[in-house]
C-alpha cells in the first residue's frame with residue numbers, strides 16, 4: 001500500500017528536526033569547555049582536509065611570523081590531520097624545551113626520514129624512548145666526547161691546510177680565475193666528516209663524487225613536503241609523482257655504499273688482527289671502528305646492529 005507523499009512529509013519532517021536538535025545539543029555540550037578543562041592555544045580558521053596548509057605560502061617562516069603577530073606567541077595549526085604547536089617567543093620556547101621537555105621532546109614520524117634512516121635507527125629522527133636514550137649515550141660517551149673530538153684535531157688541521165694551499169694555488173695562477181669558496185668549504189667539511197666517521201676521504205674518485213651526490217640528494221629528500229604524512233589517504237600520490245621510487249632508489253644506493261664501508265672495516269680488523277679497540281683511549285679510530293667494537297662487546301645491552309651502525313654514521 002503506497003502512502004501519499006504529503007503523509008510521509010507530515011511525519012518525517014518533525015522527526016528530522018527533532019534529531020537535528022538533539023545532534024546540535026550534543027555537539028554544544030561536548031565542545032563547550034567546563035571549568036576543569038584547559039582551552040587549546042588560539043588557532044586561525046582552517047579548511048577541511050588541508051587544515052592551515054594553505055596559509056603557509058612560499059615562505060613558511062614569514063607566514064608563521066605574520067600569524068604569530070595576530071594569534072600570539074603560542075598557537076595551534078593543523079597541517080592536514082596533524083596538529084602543530086607553533087612557538088614564537090623566547091619565554092614560550094623555554095617553557096616548552098625545559099619545563100615540559102619530556103612531553104615535547106619526541107620527533108615527528110615522517111615516512112621519508114623513517115625509510116632513509118633504517119626505520120629511525122639514528123639519533124636525530126628516532127622517537128623519544130629507551131632506544132633513543134641508548135644511542136644518544138653511545139654518541140655522547142664514545143663518538144662525540146671531548147677526548148674523541150680532540151683525537152681528530154690532526155684531521156681538521158690537515159684538511160684546513162690543504163684547503164688553504166688550494167686557495168693559494170688558484171689565486172696565484174696566471175688564469176686568475178675566481179675561487180668558489182662555497183665549494184671549498186663544502187669539500188673541507190665533507191673530507192673531515194668522512195675521515196672521522198668512515199676512516200678515509202671519499203672525494204676525488206668516481207665513487208667519492210657519487211657519494212657526495214647521494215648526500216646532497218639525502219638532504220634534499222629530507223626537506224621534501226610529503227603529502228601522505230599530513231593527509232594519509234593521499235599517500236598514493238607519491239607513487240604517481242615518483243617520490244616513493246626516488247626515496248627507495250636512494251636508500252638502496254646509500255645502503256650499498258655504507259654496507260661496503262662497514263665490510264671494509266670488518267675485513268681490515270680481521271686482516272690486521274685488531275679486533276679490539278680501547279673505547280676509552282684517545283686513539284684515532286673512526287666511528288665505524290668504535291661502533292663495531294661496541295657491537296662486539298655489548299656489555300650494557302646497547303641495541304647496536306648493522307643497520308644501527310649505518311644509520312648513526314649517516315646522520
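Coordinate-derived values only; no laboratory data. A quick note: this is a predicted structure, and the numbers were derived from the prediction, not measured. Cβ sites come from the backbone with ideal geometry, for glycine too, and all protein chains shown count toward neighbours.
A few notes on this one:
- Simple label model, 7 Å out from Cα along Cβ direction - residue 253 to residue 66, nm: 3.8
- Estimated FRET transfer efficiency (residue 235, residue 173; beta-carbon r; R0 45 Å; 0.05): 0.25
- Centre-to-centre, using Cα atoms only, region 217-269 and region 51-82 are separated by 29 Å.
- Volume of the Cα convex hull of region 82-182, divided per residue and given in Å³: 217
- C-alpha center-to-center spacing [region 172-202, region 115-133] in angstrom: 30
- Between residue 97 and residue 266, the contour length at 0.36 nm per residue exceeds the Cα-Cα span by 56.8 nm.
- Estimated translational D of region 130-314 in µm²/s (Stokes, Kirkwood radius over Cα pairs; 4 °C; 1.567 mPa s): 68
- Tail fraction, Cα-Cα pairs, region 42-104, threshold 20 Å, whole percent: 28
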